[in-house]
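Report on the following structure.
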Amino acid sequence: MKKVLIYCTQGCPWCIKVMEYLKSKNIPFQAIDVSKDKKEADIMFKRSGQLTVPQIWIDSKLIVGFDKNKINKELAL
């Protein structure tokens, strides 16, 4: 199974939609709230060069925003 990591912020509607979608598909993921953890926010920016959330990392592949087609493709759904 692929490792899924989501960088998100509290109250971000697209972050919530991504997490709800993955839960509905029984896909385990780790969510990191970068609004509460500056160190993780710095790591996120260094990895992607972007501050936009949600950032969905599926293994080493980055998907920015809730792009269901790209998520499905990467997870073979």
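The values are calculated or read from the model by the stated rules, or taken from the named source; none is laboratory data. The model shown is predicted, which means the values in this text are computed figures rather than measured ones. Positions of Cβ are generated from backbone atoms using ideal geometry, with glycine treated the same way; all protein chains shown enter the neighbour counts. Please note that ligands, DNA and RNA were not included when accessible areas were found on the heavy atoms of the full protein model with its side chains. Shrake-Rupley method; radii C 1.70, N 1.55, O 1.52, S 1.80 Å.
Among the residues of the range 48-55, is there at least one that is in a strand (DSSP E or B), touching a strand residue (DSSP E or B) at 6+ places or on another chain (Cβ under 6 Å) and either surrounded by 14 or more Cβ atoms within 10 Å (Cβ to Cβ) or aromatic (Phe, Trp, Tyr) (or both)?
Yes, the range 48-55 contains at least one residue that is in a strand (DSSP E or B), touching a strand residue (DSSP E or B) at 6+ places or on another chain (Cβ under 6 Å) and either surrounded by 14 or more Cβ atoms within 10 Å (Cβ to Cβ) or aromatic (Phe, Trp, Tyr) (or both).
Could you list, ordered by first residue, the pairs with Cβ atoms under 6 Å in which the first is in the range 33-57 and hydroxyl-bearing (Ser, Thr, Tyr) and the second is in a loop (DSSP other than H, G, I, E, B), at least 6 apart or interchain?
Matching pairs, first to second residue: 35/9; 35/10.
Of all residues in the range 4-15, count the ones that are assigned to a loop (DSSP other than H, G, I, E, B) and under 11 Å from the mean Cα position of the chain (by Cα). Spell out how you get there, then give the answer.
Of all residues in the range 4-15, those assigned to a loop (DSSP other than H, G, I, E, B) come to 9-12.
Next cut, under 11 Å from the mean Cα position of the chain (by Cα) only: 9.
Number satisfying all stated conditions: 1.
Do we find a residue being in contact with a Gly (Cβ under 8 Å, 6 or more places away or on another chain) and at pLDDT below 95 anywhere in the range 24-47?
Of the residues in the range 24-47, the ones in contact with a Gly (Cβ under 8 Å, 6 or more places away or on another chain) are none.
For the range 24-47, residues in contact with a Gly (Cβ under 8 Å, 6 or more places away or on another chain) and at pLDDT below 95: absent.
Each row is one residue, and each column tells you yes or no for (1) hydroxyl-bearing (Ser, Thr, Tyr); (2) within 13 Å of the chain's Cα centre (by Cα); (3) surrounded by 13 or more Cβ atoms within 10 Å (Cβ to Cβ).
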{"site": "17", "(1), (2), (3)": "no, yes, yes"}
{"site": "24", "(1), (2), (3)": "yes, no, no"}
{"site": "29", "(1), (2), (3)": "no, yes, yes"}
{"site": "32", "(1), (2), (3)": "no, yes, yes"}
{"site": "59", "(1), (2), (3)": "no, yes, no"}
{"site": "76", "(1), (2), (3)": "no, no, no"}
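Working carefully through the options 70, 36, find the one that is in a loop (DSSP other than H, G, I, E, B), open to solvent by 60 Å² or more (accessible area, probe 1.4 Å) and not polar (S, T, N, Q). Lay out the reasoning, then the answer.
Numbers: 70 fails: in a loop (DSSP other than H, G, I, E, B).
None of the other options fit; the residue is 36.
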